[in-house]
Every structure is written in C-alpha cells, then in structure tokens.
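Encoded as structure tokens, the structure appears first; notes follow it.
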Amino acid sequence: MTKPKIVVLASGEGSLLQALIDQESLLNYQIDLVISDNPQAKALERAAEADIETRLILEKEFSDRASWQQALLETLIDHEPKLIVLAGFMRILPESVVKRFTNQILNSHPSLLPKYRGLAAVAQALAAGDSETGATLHLVDQGVDTGPIVEQVVVRVLPQDTNQELHQRIKLAEQALLPKIVHSLVTHGYQVHDGRVVINH
Ligand code: GAR
C-alpha cells in the first residue's frame, strides 16, 4: 500500500528532516521531495543520502519574485503532497502557496506560541528570563507563526543555558514530536476548531 506523500522544506542543518527520515519506515508517510532555499543546507545532503529527490529553488535564479513564487507553487502542486512540512525553513511562504495548501502546511517553531513569533525565538525566551520554553507544531496561515496549533512541548531553561544549548534541547524535543504528529495528521485526518487542530480518532 502506498503511504501518504509529504514534501519537506528546509533551509539549514536538517536535524528535523533527519528525524523524519529515520522514522519513515516505521510510520505512515513517505518523503517525496525535499525543497531548500539554501545551496549550503545540510538538509539537502541528508535527503540525498536517503535517496530522496531534492530541489533547490533560489529566488535569485528567477527574473523576479513572482516567478520564484510560481516555481515553488508549481513544484508543490506537481508532487501533490498530503502535507507540506516546514522543518527549519527560514523564509515566509508566498501567499499563493499558503492559499493553495490551506491547512496542509505544518511548521515547527522553537517557542511556546503565541510567545516569540518570528526569528530568534530561543534568544527571546532567554532574554526574557523564562524558566521554560519549548516548541510548537502548528498549521501555517497567512500570518507569521500565527496558525492553528497542533501540539506543544515544554523544555526547561537551565540556569547557565546558552542559546545554542537551549536550542539543541528544543530541537531534540521537536525531533521526537514531529514524525509522530506528521503520521497522525496524514493517517487520521484533522479538523480546525477555535484556532486549534483536533486530530480525528
Ligand atoms: C528548529 O528548531 C525549528 O523549529 C526552527 O529551526 C530549527 C531547524 O533545525 N525553525 C524556525 O525557527 C522557523 N521559524 P534543523 O535545521 O536542525 O532541522
């Protein structure tokens, strides 16, 4: 039986992608394509090592922003993913993509949303002196990190934590959670109620 297809977008290290790759044979999803906006992304190497198709879609290689957006949209449409997963994708998706794939794009963000939307979420939690922070998996809407929440995981902030140490522990939590949530969403289906996602059982 074929598994539901997902497309993963990643800009950097790719440890979340690696968690999805490592759990793929045990869970009900198939990573059909990895898209990146960064030629140096380790995520691309990880995908290639796992024999997953990769696509680098660089805005600077297109004549204008609209053509780049169209290329991204067409690539996604061609692959017909059941779910698109943003795993450390550091750009805001074009409105056309979010619209075409309404409630089909999952993002992992390193804070307990609605706290610390956007960039530098880990640094913001540290600077605020919070005793705990964490990660949020949410569906993407037209705002920045504002979409319906699927699941959150709390990570304690330790007294001497550096940004890197804290982010590393948050990533471990994300790596544990993301594959399971992807599996549940594509296997059971889900509804959005009052700004939260309820997975069918
Ligand atoms: C993760 O912590 C993810 O939440 C964050 O980037 C990291 C990716 O790690 N994403 C964002 O900050 C998106 N706004 P990775 O490259 O090792 O998978």
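The values are calculated or read from the model by the stated rules, or taken from the named source; none is laboratory data. What you see is a predicted model, and the numbers here were worked out from it, not measured in a lab. Here Cβ is always computed from backbone atoms with ideal geometry, including for glycine, and neighbour counts include all displayed protein chains. Side chains included, ligands, DNA and RNA excluded: accessible areas come from the protein's heavy atoms. Shrake-Rupley method; radii C 1.70, N 1.55, O 1.52, S 1.80 Å.
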| message | Here's a check for you: in the range 1-53, which residue that is among the basic types (Lys, Arg) and away from the ligand (no atom under 14 Å from the Cβ) is farthest from the chain's Cα centre (by Cα)? | response | 3
| field | Residue tally, condition open to solvent by 20 Å² or more (accessible area, probe 1.4 Å), among the polar types (S, T, N, Q) and either under 12 Å from residue 148 (Cα atoms) or in a loop (DSSP other than H, G, I, E, B) (or both), over the range 90-119 | value | 3
| query | Any residue at all in the range 61-82 that is within 16 Å of the ligand (Cβ to nearest atom) and buried (at least 16 other Cβ atoms within 10 Å of the Cβ)? | reply | no
| request: Mind counting the residues in the range 143-172 that are open to solvent by 20 Å² or more (accessible area, probe 1.4 Å), among the hydrophobic types (A, V, I, L, M, F, W, C) and within 16 Å of the chain's Cα centre (by Cα)? | output: 4
| remark: Expected single match for away from the ligand (no atom under 11 Å from the Cβ) and surrounded by 14 or more Cβ atoms within 10 Å (Cβ to Cβ) among 140, 182, 122 is 182
| Within the range 1-26, considering residues that are part of a loop (DSSP other than H, G, I, E, B) and acidic (Asp, Glu), the one most open to solvent (accessible area, probe 1.4 Å) | 13
| request: Confirm whether residue 96 is within 11 Å of the ligand (Cβ to nearest atom) and in contact with a helix residue (DSSP H, G or I) (Cβ under 7 Å, 6 or more places away or on another chain). | output: no
| residue 131 passes all but one of (1) over 14 Å from the mean Cα position of the chain (by Cα); (2) within 21 Å of residue 185 (Cα to Cα); which number fails? | (2)
| query | With respect to residue 184, is the statement that it is closer than 26 Å to residue 7 by Cα, polar (S, T, N, Q) and free of Cβ contacts under 8 Å to residues at least 24 places away in the same chain true? | reply | yes
| Looking at 19, 47, 10, which one is within 17 Å of residue 91 (Cβ to Cβ) and of a type in the set (A, V, I, L, M)? | 10
